[in-house]
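Here's the structure, in structure tokens; my notes come after.
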Amino acid sequence: MAEWSRETLWRQGLFLEDKSIDKYNLRSEEFPEKTVVIMASHDCDLPQPPSIEPYFEVIVGRYIDHLDGACTFTKSPRKLHIEIQTLEGQKFVEFIAKDKHRIDKNHLPEIIPNLNLQLDVDSLREFKRWLSVRYSRSSFANAFETRLKSHKLDKGIAKILQKHGELITGIFFEVDESQEIKHISPEDTYLLDITILYSTNSDPNAAEVAAQEASDAITKLFKTKLFNSINRAWKEIELRFCDVISDEALTYKQSTQLKLWRLDYISLAEDPPHPIIE
């Protein structure tokens, strides 16, 4: 075992070499030949000696053929699809939060990063956000969630986002104008405002079109499920609007009022709106 030193080449988001993956028995049982392993521990924790930080954490992932839009941009706190740079060019990787492993910190000095695999700046930022949202993601009232799921609206939204996922960075819910209100009967509706955030990184025009298509599809979904065209009344959840906005136009005030809706969110009965800007 190598002698401990506070000087380390390791940073969060770097990858392990194959020989270290094998040495520490980290290969995926289901996809052994597609295994990739990434450092999950924070940059500030990595130089700390084992007496302070006894372990470092890695996440076992695998190469995939294509990105699932529902798993990009931290839409799911449990699964992340992300691009990485390799000697053979761009590839895609899937990470699952539960596939995290702890390794004795004393072994870290003998493990060398695989610099043939890299996350670019945007992908590294996305990976860091994904690690944090598992513990800080916004949540919604149980009754609201129940109404959403009883009509399979959550799955419907997920399916719509999956089609446009790589251009849409997030979808935000504001329920009852951020007030805590109890609703009893189906006629006593939750008021829901939706904002779809689209990316301006690569092709802003295509992203705006995709976001508007998603907005139209979500509006149609809610009206089909919950709007009575005869008496022109909503039941359970009233969708007041579904707007689109670019990631450059979202204001700080909006970011503190809106709650990021994730495909795998966990509800809490009493939870104040959670800011989405770090």
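The values are calculated or read from the model by the stated rules, or taken from the named source; none is laboratory data. Small disclaimer: the values here were computed from a predicted structure and weren't measured. Reconstructed Cβ throughout: ideal geometry from the backbone, glycine too, with neighbour counts over all protein chains shown. For accessibility, only protein heavy atoms count, side chains too; no ligands or nucleic acids. Shrake-Rupley method; radii C 1.70, N 1.55, O 1.52, S 1.80 Å.
Just one of (1) part of a loop (DSSP other than H, G, I, E, B); (2) within 20 Å of P113 (Cβ to Cβ); (3) modelled with pLDDT of 90 or more trips up V60, so point out which.
Checking V60 against (1) part of a loop (DSSP other than H, G, I, E, B); (2) within 20 Å of P113 (Cβ to Cβ); (3) modelled with pLDDT of 90 or more, the one that fails is (1).
Determine if the stretch 127-142 includes at least one residue that is in contact (Cβ under 8 Å) with a residue 12 or more places away in the chain, open to solvent by 60 Å² or more (accessible area, probe 1.4 Å) and within 30 Å of I181 (Cβ to Cβ).
As a first pass, look at the stretch 127-142 and keep what is in contact (Cβ under 8 Å) with a residue 12 or more places away in the chain: 127-134, 136-142.
Subsequent filtering for residues that are open to solvent by 60 Å² or more (accessible area, probe 1.4 Å) retains 128-129, 134, 142.
From the residues that got through so far, the ones that are within 30 Å of I181 (Cβ to Cβ) too are 134, 142.
Yes - at least one qualifying residue is present in the stretch 127-142.
What number goes with the only condition from (1) crowded, with 16+ Cβ neighbours inside 10 Å; (2) more than 25 Å from P109 (Cα to Cα) that Y63 does not pass?
Single failed check for Y63: (1).
Examine the stretch 29-39 for a residue that is at pLDDT 95 or above, of a type in the set (A, V, I, L, M) and surrounded by fewer than 17 Cβ atoms within 10 Å (Cβ to Cβ), and state whether such a residue exists.
no
Just to be sure before I move on: is I84 part of a strand (DSSP E or B), closer than 22 Å to A207 by Cα and open to solvent by less than 60 Å² (accessible area, probe 1.4 Å) in the structure I sent? First the steps, then the outcome.
Numbers: part of a strand (DSSP E or B): yes; closer than 22 Å to A207 by Cα: yes; open to solvent by less than 60 Å² (accessible area, probe 1.4 Å): yes.
Judged against the criteria, I84 is a match.
For the stretch 160-192, give me each residue that is more than 15 Å from L226 (Cβ to Cβ), open to solvent by 20 Å² or more (accessible area, probe 1.4 Å) and without any contact (Cβ under 8 Å) to a residue 24 or more places away in the chain.
Within the stretch 160-192, E177, Q179, I181, I184 qualify.
Which residue out of L258, L250, L221, L263 is open to solvent by 30 Å² or more (accessible area, probe 1.4 Å), under 23 Å from T146 (Cα atoms) and modelled with pLDDT under 90? Spell out the reasoning first.
Working: L258 fails: open to solvent by 30 Å² or more (accessible area, probe 1.4 Å); L250 fails: under 23 Å from T146 (Cα atoms); L221 fails: modelled with pLDDT under 90.
None of the other options fit; the residue is L263.
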